[in-house]
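Before any comments, here is the structure.
The values are calculated or read from the model by the stated rules, or taken from the named source; none is laboratory data. Since the structure is predicted, the reported quantities are computational estimates derived from the model, not experimental observations. Neighbour counts are summed over all protein chains in view; Cβ atoms, including those assigned to glycine, are modelled from backbone coordinates with ideal geometry. When the accessible area is computed, the model is the full protein with side chains, heavy atoms only, and any ligands, DNA or RNA have been set aside. Shrake-Rupley method; radii C 1.70, N 1.55, O 1.52, S 1.80 Å.
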Amino acid sequence: MNVRVHRAVSDIQGSTGMRIIRAIVEGQRDPLELAKLRDPGCHKSEQEIAEQLSGHWREDYLFSLQQSLKMYDAIGERIAAYEKEILRRLGKWKSPTCRTDRRRN
């Protein structure tokens, strides 16, 4: 698509990158509007980001992006479920109590 999100932001999986990707999937195409989604802590200005976000919005590429985002979200859900289960199981383990050696005194 020649849309360079990876050059617009340093971390595509960060808050700015994911907001931009989600907005593209939802139909936003205006680079200036997409750039407004930047996180206040982002090092690049809206103008710098917007310069990287113009391109060719081919339907087949947009469909592929949409499907990739769905897979990304599904994997994130699976990871969260595993983390929750791991923490639940770790919570069942009790830390061993410290025993003092009574023979010392």
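Annotations for the structure displayed:
- Extreme residue, modelled with the lowest pLDDT, among residues of the range 1-23 that are assigned to a helix (DSSP H, G or I), small (Gly, Ala, Ser) and surrounded by fewer than 18 Cβ atoms within 10 Å (Cβ to Cβ): SER15
- Total residues in the range 53-94 satisfying the condition of being in contact (Cβ under 8 Å) with a residue 40 or more places away in the chain and either open to solvent by 60 Å² or more (accessible area, probe 1.4 Å) or not in a helix (DSSP H, G or I) (or both): the figure is 8.
- Test for LEU34: is it without any contact (Cβ under 8 Å) to a residue 60 or more places away in the chain and either assigned to a helix (DSSP H, G or I) or more than 19 Å from MET1 (Cβ to Cβ) (or both): yes
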